[in-house]
Amino acid sequence: METIYLGIVIFLFMLAIFDLLVGVSNDAVNFMNSAVGAKVARYKTIIIVAAAGVFAGAIMSNGMMDIARHGIFQPVNFSFYEIMCILLAVMVTDVVLLDVFNTLGLPTSTTVSMVFELLGGTFILAILKIIGDETGLLTLGDMMNTEKALSVIMGIFLSVAIAFIAGTVVQYISRLIFSFNYKKKLSWTIGIFGGISVTSLSYFVLIKGLKSAPFMTPEAMGWIEANTTMLVTACFLFFTAFMQILHWCKVNVFRIIVLLGTFSLALAFAGNDLVNFIGVPLAGFSAYTDYVANSNGAGVHDFMMSSLMSSAQTPAIFLFLSGIIMVYALATSKKAKNVIKTSVDLARQEEGDEMFGSSALARTIVRRATSINEFMVRVIPVGVRRWIDSRFNKDEVILENGAAFDMVRAAVNLVLSGLLIIIGTTMKLPLSTTYVTFIVAMGTSLADRAWGRESAVYRITGMLSVIGGWFITAFVAFTICALVTAIMFYTSFVGMFIFIGVAVFLLVRSHIQYGKKEKAEHQDDIFKRMMQSKDKGEILTLLRMHFQETMTSYLRFSEESYVKITDGFINEDLKLLKKAMNAADEQKKMLKKRRRKEILGLRRIPITVAIEKNTWFHLGSNSCEQMLYCLKRICEPCKEHVDNNFNPISKESIAEFLPIREELCTLMERTCASIEANNYSEADDILVKGDALKNKISALRKQQMNHMQEADSTSLKASMVYLNILQESQELVSIWRHLLRASRFFQSDYVPQEVQQQAALVRE
């Protein structure tokens with residue numbers, strides 16, 4: 001029996017390793033998004049700074065894991081078996097849940113997930129114990145602490161409201177002081193800003209990051225609290241002078257602030273959130289050692305866990321190993337980059353590919369905000385408005401190569417996040433690090449006018465999606481953990497081993513699927529280069545390459561899908577038809593994203609060239625969309641026909657159709673090859689043969705309609721579907737002929753006369 005539970009404890013530690021890997025991947029956004037977004041240094045350098053902070057925070061933590069020992073449940077009223085059920089369910093749920101969020105690229109709170117998993121597991125067992133209690137003396141309050149859950153929920157609302165307002169106001173003031181061309185506006189202000197920033201971050205490290213360090217005795221903390229004013233004043237005077245001197249020495253003070261802020265938040269994260277990753281396994285280990293040492297023959301159902309009421313010091317080896325694993329996860333995790341990308345993209349200064357769509361709530365918020373802005377424009381004097389606009393002149397923005405926003409905003413993000421967390425700690429308000437850092441970044445991006453009318457609805461939808469995910473985390477964590485705990489409780493070792501296997505399976509499958517997804521949705525290097533380039537000639541070249549990729553991709557897809565659909569109808573393969581329908585829907589979504597990217601590129605080339613290419617761009621883009629609609633119009637009747645098990649198409653119809661299909665596919669392949677090679681010497685021949693093919697299909701349609709008049713009623717439904725295939729095939733030929741013309745004129749310097757006239761009018 002003891003051996004089995006030892007195995008469970010070992011598995012808890014194995015899950016803790018996974019938890020550290022996936023948890024750090026998600027929480028990396030808390031302290032790395034500003035440095036990565038502003039490109040203050042190479043990614044490797046940022047990783048090194050963050051890793052140093054993480055490792056220092058981990059090894060200096062005193063390992064007080066009280067929340068996992070008795071912060072949620074009252075262990076005196078739970079047996080060893082019940083505690084092990086709760087702890088194992090928590091770890092299984094936590095690892096899988098965090099991995100899902102990482103895969104989706106959404107930041108969430110490890111604190112919320114752990115707290116609500118413990119609540120869910122404790123709640124269900126408490127209910128079961130109350131139902132089975134013959135004395136009737138047990139109450140829910142005797143077995144669980146609901147105050148922690150309420151404090152976490154309150155923390156969500158407080159974090160969102162306070163951080164967003166503070167981020168917006170502080171960044172607005174900072175931008176008025178420094179403007180987007182901040183290098184010309186520094187003078188003496190940079191010393192004061194640097195002094196405030198470094199002092200705030202230093203105080204943050206002392207109060208939030210090092211409060212649990214072994215050398216931080218109660219006496220030391222008491223002295224710091226008693227002399228806070230003197231310490232803050234002395235640090236401010238020293239760092240103000242020091243930063244001003246560095247500025248005079250041509251050192252970028254903002255870069256120092258951002259890197260120091262990254263280190264500080266990483267240190268605080270590791271020091272305070274380590275319990276979220278290893279607290280539960282350590283509680284399980286402590287429970288196991290207590291049972292082995294003190295059970296004296298008592299059964300697992302009878303031995304109560306009073307020992308967990310005491311606080312426990314974590315051995316240094318666990319802290320050291322945890323620090324190493326966290327550093328490794330930070331340096332190697334691709335999912336960490338995915339989560340950081342979500343936060344950075346939502347805060348991006350310039351337009352680009354938007355990760356999220358629009359929502360009704362976001363559209364409503366944008367309309368209300370637009371109305372308020374119009375009112376403010378009318379109220380604010382013209383002179384004041386012109387001066388404010390001059391400070392927000394985006395043409396003067398100083399961005400490092402590939403940066404999403406500048407160093408001023410990055411510094412404000414980190415310093416303000418640290419200050420708000422300090423204030424929350426001092427006032428005993430449960431402000432989450434994840435929530436504060438993310439929402440501050442959203443507030444500062446709004447103040448920087450990064451949310452234009454073209455992108456605001458997408459950015460707000462993204463922010464609401466992330467915030468909604470936080471609440472979903474709490475609900476899902478509570479529900480799933482409660483369910484898993486109940487099943488384990490009734491099924492004993494069988495249920496435990498099944499869920500252990502399920503957790504391992506889900507993690508492995510998630511890793512494999514994520515690799516496939518990453519490979520399929522690889523970084524669009526052409527688009528990135530197009531948005532980073534300032535050379536309009538280079539942008540036009542890259543836009544042509546991007547457009548070329550789009551055309552060839554959708555031509556190939558259309559040809560392959562057309563063959564699959566018609567084969568599915570001929571062979572009565574319902575599965576193939578369903579796959580083709582789903583693939584068309586996915587391609588439609590991808591086309592929308594690619595079109596948005598190309599329009600952004602079109603807006604960055606000279607206006608005269610844009611006018612010349614605009615017609616052909618939209619003709620090509622609309623042709624791709626029409627091909628997808630055409631394929632769906634072919635697929636839907638075929639799928640319905642096969643699904644209803646109606647009579648199949650006649651062999652005579654198949655025999656006359658297949659040569660037509662072969663000719664159509666051959667011409668599409670030739671078209672694709674011409675576009676891919678950017679060689680249109682055969683374009684005229686392809687267009688002529690395409691026109692001839694349309695005539696053949698038209699003749700076949702008329703022939704088929706004559707057959708339908710003479711055929712019996714049993715084959716009428718199949719004949720109708722076949723007639724629809726011919727009609728849509730004819731339309732498909734017309735569409736790709738338009739696409740070939742569009743690509744030909746978009747890629748070449750040919751300009752129709754009417755477009756030349758429009759361009760001349762613009763120049764005049």
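Among the residues of the stretch 385-414, write down those that are among the polar types (S, T, N, Q), surrounded by fewer than 21 Cβ atoms within 10 Å (Cβ to Cβ) and assigned to a helix (DSSP H, G or I). Quick ask: steps written out before the conclusion?
Here is the first cut: in the stretch 385-414, the residues among the polar types (S, T, N, Q) are 390, 393, 401, 413.
Applying the additional criterion that residues be surrounded by fewer than 21 Cβ atoms within 10 Å (Cβ to Cβ) yields 390, 393, 401.
Matches in the stretch 385-414: Ser390 only.
Please go through the stretch 644-697 and pick out each residue that is acidic (Asp, Glu) and touching a residue at least 12 places away in the same chain (Cβ under 8 Å). Explain how you work it out, then say what you get.
Initially, the stretch 644-697 is screened for residues acidic (Asp, Glu), giving 652, 656, 662-663, 669, 676, 682, 684-685, 691.
The answer is Glu656, Glu663, Glu669, Glu676, Glu682, Asp691.
Scanning the stretch 551-582 for residues that are closer than 27 Å to Asn678 by Cβ and surrounded by fewer than 21 Cβ atoms within 10 Å (Cβ to Cβ) yields Thr552, Ser553, Arg556, Phe557, Glu560, Val563. Among the residues examined, Leu693 does not qualify as within 18 Å of Ser561 (Cβ to Cβ) and at pLDDT 90 or above. The residues in the stretch 449-493 that are among the aromatic types (Phe, Trp, Tyr) and under 18 Å from Phe438 (Cα atoms) can be counted, and the count is 4. Checking each residue in the stretch 1-56 for being buried (at least 24 other Cβ atoms within 10 Å of the Cβ) and small (Gly, Ala, Ser) picks out Ala16, Gly23, Ser25, Ala28, Ser34, Ala35, Gly37, Ala38, Ala50, Gly53. Looking at Asn614, Asn678, just one residue is at pLDDT below 90, over 24 Å from Leu726 (Cα atoms) and touching a Leu at 6+ places or on another chain (Cβ under 8 Å), and that residue is Asn614.
Of the residues making up the stretch 106-115, at least one is surrounded by 15 or more Cβ atoms within 10 Å (Cβ to Cβ) and either more than 22 Å from the chain's Cα centre (by Cα) or at pLDDT 85 or above (or both).
Asn252 is checked against (1) closer than 25 Å to Met32 by Cα; (2) touching a Leu at 6+ places or on another chain (Cβ under 6 Å) and fails just one. What number does that condition carry? Status for Asn252: all satisfied but (2). As a summary of the residue check, Asn645 satisfies the conditions (1) in a helix (DSSP H, G or I); (2) out of contact with any helix residue (DSSP H, G or I) (no Cβ under 9 Å at 6 or more places or on another chain) except for the one numbered (1).
Applying a threshold of 9 Å to beta carbon distances and a minimum spacing of six or more residues, or different chains, the list of pairs starting in the stretch 269-292 at a residue that is aromatic (Phe, Trp, Tyr) and at pLDDT 85 or above and ending at one that is surrounded by 24 or more Cβ atoms within 10 Å (Cβ to Cβ) and not in a helix (DSSP H, G or I) reads Tyr291/Met305.
Filter the helices (runs of 4 or more DSSP H) completely within the stretch 311-381 down to those with at least 3 residues that are surrounded by fewer than 17 Cβ atoms within 10 Å (Cβ to Cβ) and at pLDDT 70 or above.
Numbers: elements: 316-332, 334-346, 360-379.
The helices (runs of 4 or more DSSP H) meeting that bar are 316-332, 360-379.
In this structure, does Phe242 turn out to be out of contact with any Pro (no Cβ under 8 Å at 6 or more places or on another chain) and touching a residue at least 60 places away in the same chain (Cβ under 8 Å)? Steps first, answer last, please.
Values: out of contact with any Pro (no Cβ under 8 Å at 6 or more places or on another chain): yes; touching a residue at least 60 places away in the same chain (Cβ under 8 Å): no.
So Phe242 does not fit the description; no.
Of Thr444, Thr437, Thr473, Thr461, which residue is of a type in the set (S, T, N, Q), modelled with pLDDT of 80 or more and under 30 Å from Gly7 (Cβ atoms)? Quick ask: steps written out before the conclusion?
Working: Thr444 fails: under 30 Å from Gly7 (Cβ atoms); Thr437 fails: under 30 Å from Gly7 (Cβ atoms); Thr461 fails: under 30 Å from Gly7 (Cβ atoms).
The conditions single out Thr473.
The values are calculated or read from the model by the stated rules, or taken from the named source; none is laboratory data. Treat the numbers as computed from the prediction; the structure is a model and nothing was measured. Positions of Cβ are generated from backbone atoms using ideal geometry, with glycine treated the same way; all protein chains shown enter the neighbour counts.
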